[in-house]
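Comments concern the structure below.
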C-alpha cells in the first residue's frame, strides 16, 4: 500500500532511482501485470469501491430522503424491461426506492462495517498477540487458551451469537443507534484469533534476535522496543491476512444483516437490501434482491482475488 | 494413549463448562426471569416467593451447579415465546437440522472428492481449470445468495421444486423424517444443495492440494519406476495417503455445516434448530437462545474430540511420535 500512495512526483529524499521508478520496476507490479485475473479483480474492486465512496455524487436518487419516495413508483422493473423507466435504471423496491442508489449507499455501509471490523480485529489481535508472545507465562497461556476454544467454532457462528445476544438484550431505543458498533464488535471479536496467533508466533521468534537484545542492553524502554522495533518486523504477514479477511468481514456483515440481526432496513447495507428483496422474490420482483446480490458477490470475489495475489506476491517461497 | 485421551477429555469438559457459564450468565442476568414468567398484576410478595422457590436467591455457585445439572438432563426451562419446555422444542426441531446437515455432507463428499481427484491428477486440462474457476466463484458467493438464486430459478421461474418448508413428514417415534415421502425429497433438494456447495468446493480444493503434494513424493516416483499401472499408483498409493487430512477436515466441517444451517434454514424456512434460534433472537427468547448455545457447543466439542481421537487412530506416525516423547 505504501508504494501505491507514493504519487508520481519523485520525493526529494529518494535520490537517483526515484520512488515512481522503483515502484514501476518492483516485483510487485511485475507479478501484478502478469496476472490478468488480478488486473480484472483490481478494476472491478476499485470501480465498486469508488462508486460507493462517491455515492452522494453519482447516485441518481437519495434513498434516505423519505420525501422523494412515492409508493406509485414501487416495484418498478429495471429500465430495459416492460414498464421500466430510465429514471430508475435497476428498478425500484417495495417502497419506491431506486435500487441502484440503494445499492451504492448500501455498498458504502457494507465497506464501512467491513473495514472497521477488520481494523478493530487487527488492533485487538495484534495487541493480544504481542502481549502473549512478548510476556509469555500466564498471559500467553490465558490468551492462547481463549483463542484455541474460539477457533474450534466457526467465526460466523460466534459473530452470530454475539450479535444475536446483543440484539435481544439491548433495549430497542438504544439499538438502532448502536447497531453499527455492535455489528463491528461482533465481527471483530470473531476474527481477532488469526491475527493474534500469527503475531504471537513471529514475536516469539523475533524476541530472541540480536537487535532486540541489543536494544534491551542499551536500556530502551520495553514499550518502545515492542512498538518501535518488534512491531514493524511482525506486522507484514498480518497486513496481508487483513486483506483476505476484509472479504470475509464483508461476507459476515451481509450474512448477519440478511438474517435480520445486522443493520436495520432504515440504513440498509447490501445484506439488508437482499433480505428486503427476498420477501418479494416469490411474487416475481427479482431485481430487488438479485442486483445487490450481484454487487456483493463481485465485491467479495474481487477482494478475495486481490488478497490471494497479495499473499502469493509477498511469499518468497513461491517466487 | 490413555494420557492423551484423558487430556483431550478434560479439555472438552473445560470448554463445555465455559460455554455453559456463558449460557447461564445469559439466562440469569439478562432481564428478570421472573418478569418474563408472571403477569403484570402479580404482587411483589408473590414474586419474591416464586424467586425463592426457583432458587434465584441462592449463591452463584449453587445456581450454576443447578443449571449444569438441569442442562445435562436436557432441561432448559420454559420458552418465553411458546411457554413450552425448551428441551421439547429442541427435540422437535433437531431431526430437521440433522437430516439437512447429513444430506449436505453426503452431497459434498459425493461430488467434492471425485472432482478433487480429477483436478489433482489432470492439473492442466481445460476441465480442471473450469472446475477451479467455478469453485472460486462458489467460495465467494454467500450461502444465502446461492439459496435465493436457486429459489429464483427452480421454484419461481421453473416451478419444479418447493421454495420453503420440509414437505410431508413421517413420524417414527420422536424422530420425524421427510426422506420417506416424495414430497419430502423434493423439499430437501434445494436446501441441501445450498448448504453443500461451499463444503463441496472446500473438500475439492483440499483433495486436489493433497493429491498434488503426494504425487511429488519419492514413494510415488518409485512406484512409477517399478512400473505399476497408473491406476494402482493414483488410487492405491496416492489417494490413500491424502485421505487422513480429508477425514479430519470433513469431520470438522460437519460442525460448520450445522452452523451454516442457520442461514440455509432461514432462506428456505426449514423448520430446524437454526430457524428456531433466529426466531428466538427476534423475540428475545433467552431460554431458547441459551439452550441453542449449549447444544451447539456440545456438538462442536464432541466432533472435535472424535476427530482428534480418529486422527490418532488413523495416522500411525502420531502414535509413534507420542510414544517416543513419552518413553524418552
Mind checking the angle between helix B:60-72 and chain B's longest principal axis? C-alpha axes, 0 to 90 degrees, to the nearest 10. 60 degrees
Mean-square fluctuation check for chain B, GNM, Cα pairs under 10 Å: which of B:79, B:140, B:128 is largest? B:140
What angle do you read, to the nearest 10 degrees and between 0 and 90, between the alpha-carbon axis of helix B:2-29 and the longest principal axis of chain B? 40 degrees
Sorted by Cβ density within 10 Å, fewest first, the residues A:253, B:210: B:210, A:253
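Sorted by average packing, counted as other Cβ atoms within 10 angstrom per residue and highest first, what order do B:226-239, A:40-53, A:108-121 take? Display every interim value, and only then the final one.
Details: B:226-239: 14.4, A:40-53: 16.0, A:108-121: 22.3.
Going from most to least packed, we get A:108-121, A:40-53, B:226-239.
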For A:181, A:280, order by how many other beta-carbon atoms lie within 10 Å, fewest first: A:181, A:280
Within 10 Å of each Cβ of B:237-248, how many other protein chain Cβ atoms are there on average? 0
Helix B:240-268 vs. chain B, principal-axis angle (Cα, 0 to 90°, nearest 10): 40 degrees
GNM result for chain B, Cα springs below 10 Å: residue of B:141, B:150, B:206 fluctuating most strongly: B:141
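Write down, largest first, the equivalent ellipsoid semi-axes of segment B:250-303 in whole Å, where each equals the square root of 5 times an eigenvalue of the alpha-carbon gyration tensor.
Details: eigenvalues 77, 45, 7 Å².
Largest first, segment B:250-303 gives 20, 15, 6 Å.
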Going by a ≥ b ≥ c, the root eigenvalues of the Cα gyration tensor, does chain B fall in the rounded group (a/c under 1.5), the prolate group (a/b larger than b/c) or the oblate group? oblate
Could you order peptides A:266-272, B:306-312 by the average number of other Cβ atoms within 10 Å of their residues, highest first? A:266-272, B:306-312
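What is the packing order of peptides A:236-248, B:159-171, taking the mean over residues of other C-beta atoms within 10 Å and listing the highest first?
Working: A:236-248: 19.5, B:159-171: 15.7.
Peptide ranking by packing, descending: A:236-248, B:159-171.
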What order do you get for B:273, B:289 when you list them from fewest to most C-beta neighbours inside 10 Å? B:289, B:273
10 Å Cβ neighbours from other chains, averaged over peptide A:244-256: 2
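What is the average number of partner chain Cβ atoms found within 10 Å of a Cβ in A:29-37?
Working: counts 0, 0, 0, 0, 0, 0, 0, 0, 2.
Mean inter-chain Cβ contacts per residue within 10 Å come to 0.
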When a/c is below 1.5 the answer is rounded, else prolate if a/b is larger than b/c, else oblate, so apply that to segment A:167-251 with a ≥ b ≥ c taken from the square roots of the Cα gyration tensor eigenvalues. prolate
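Each reported figure results from applying straightforward, stated rules to the coordinates on display, with no laboratory input. Everything numeric here is computed off the predicted structure, so don't read it as measured data. We place every Cβ from the backbone using ideal geometry, glycine too, and count neighbours over all the protein chains shown.
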